[in-house]
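Beneath this line is the structure, given in structure tokens, with notes to follow.
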Amino acid sequence: MRTITTILYQDVPSGVKTIEFTNRLVKWIFLPRIDIKNLSQIKIDELSNTGIYFLLGENEKWEEQVYIGQAVDLKTRLGQHNKGKDFWIWAILFTSKENSLTESDLNYLEKELIKKTIKINRIKVENKVLGNPCLIPNHRKADMEDFLEDLEILLGNLGFPFLQEYNQKDAKKNNNMNYFLQTKGSKAEGLLTQEGFLVLEGSMWPKEITLSWKKRWINEKREDLINKWIIREEGNEIIFLKDYLFTSPSTWATFIAGNPLNGRVVWKNKDGKTLDEIERNS
């Protein structure tokens, strides 16, 4: 269990705020781009610290996108990006309350964050390079790993879980927690998570289906997932190349069938019990 303290600097929850663990030295600053012009009126001393920052928004293809960077003065660097980068809507700044992050620390954190974000592949990374070379002593590396863990937790708390794996590995190994869909030639496996319904790698369904409902939406979604190398056409079938999160069990079931389906009825565990039955009896 961890305690997070949030301070709002405006009258709206989506405005400028700071977030920190009560027993840690790390501090976060959440800043909507629209509020950069008001920074002189917002008294947050850590804005001038060294730190790591994330610029978040959407690219021209409406894909979620992030730029990960470092700065010796976060406020100054953010002002430069306000003029030089168009896509971002929010900035999330990470620093130490003691302003103790060194150049080596920043290089290490930036490089590791870019690598991990690309590997997990939940968001488009705008960075063109993987960061600067870095040499860091082992004892300091342990501190940075703690910071990385804090970064993952706090980003998720803010609604940006791109450092977290979709996969719930322990649950995937336990078939009692997995659900299966076998209809009209489909053979799919999924897992209910706190974020939505995770369809597992290897799930497949027929390429040719009757699209009698919201045909355009399904076709566009299929094309989008093909372009992102999430699904692939193989002969007369389409197969998932990696795990993929849908907002609900019904969204995924409808995507396969081409017709509206109640995912809580068609998804069943290995004993044939529907998701709805299991939830009502739990």
Next on the checklist: For the structure I just gave you, tell me whether THR247 is open to solvent by less than 30 Å² (accessible area, probe 1.4 Å) and either within 25 Å of GLN164 (Cα to Cα) or among the polar types (S, T, N, Q) (or both).
Outcome noted: no
Next on the checklist: Are there strands (runs of 3 or more DSSP E) fully within segment 3-103 with at least 2 residues that are loosely packed, with under 13 Cβ neighbours inside 10 Å and in contact with a strand residue (DSSP E or B) (Cβ under 8 Å, 6 or more places away or on another chain)? List them.
Outcome noted: 4-8
Item to check | Scope segment 226-244; condition among the hydrophobic types (A, V, I, L, M, F, W, C) and either under 23 Å from the mean Cα position of the chain (by Cα) or open to solvent by 20 Å² or more (accessible area, probe 1.4 Å) (or both); matching residues | outcome: ILE226, TRP229, ILE230, ILE231, ILE239, PHE240, LEU241
Item to check | Residues within segment 250-262 that are modelled with pLDDT of 85 or more and either open to solvent by less than 30 Å² (accessible area, probe 1.4 Å) or under 27 Å from ILE120 (Cα atoms) (or both), tallied | outcome: 1
Checklist entry - Within the set of pairs 6 or more residues apart or between chains, which connect a residue that is in contact (Cβ under 8 Å) with a residue 40 or more places away in the chain and farther than 18 Å from LEU113 by Cβ inside segment 77-92 to a residue that is in a helix (DSSP H, G or I) and open to solvent by 10 Å² or more (accessible area, probe 1.4 Å) with Cβ atoms less than 8 Å apart? => result GLY79/ILE36; ASN82/ARG33; ASN82/ILE36; ILE89/ARG33
Item to check | Condition broken by ASP271, with the remaining ones in (1) open to solvent by less than 70 Å² (accessible area, probe 1.4 Å); (2) more than 27 Å from VAL125 (Cβ to Cβ); (3) modelled with pLDDT of 85 or more satisfied | outcome: (1)
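Can you find, within segment 108-144, the residue that is surrounded by the most Cβ atoms within 10 Å (Cβ to Cβ) among those that are part of a helix (DSSP H, G or I) and more than 19 Å from the chain's Cα centre (by Cα)?
Step by step, filter segment 108-144, then rank; the result is TYR108.
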Checklist entry - Any chance segment 118-130 includes a residue that's under 11 Å from GLY69 (Cα atoms), among the polar types (S, T, N, Q) and touching a residue at least 24 places away in the same chain (Cβ under 8 Å)? => result yes
Checklist entry - Of all residues in segment 271-282, which are in a loop (DSSP other than H, G, I, E, B) and either closer than 17 Å to PHE197 by Cβ or aromatic (Phe, Trp, Tyr) (or both)? => result LYS273, SER282
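The values are calculated or read from the model by the stated rules, or taken from the named source; none is laboratory data. Since we're looking at a predicted model, the values are computed, not measured. Every residue, glycine among them, receives a Cβ derived from its backbone with ideal geometry; neighbour counts consider all protein chains shown. SASA here: full protein model, heavy atoms, side chains in, ligands and nucleic acids out. Shrake-Rupley method; radii C 1.70, N 1.55, O 1.52, S 1.80 Å.
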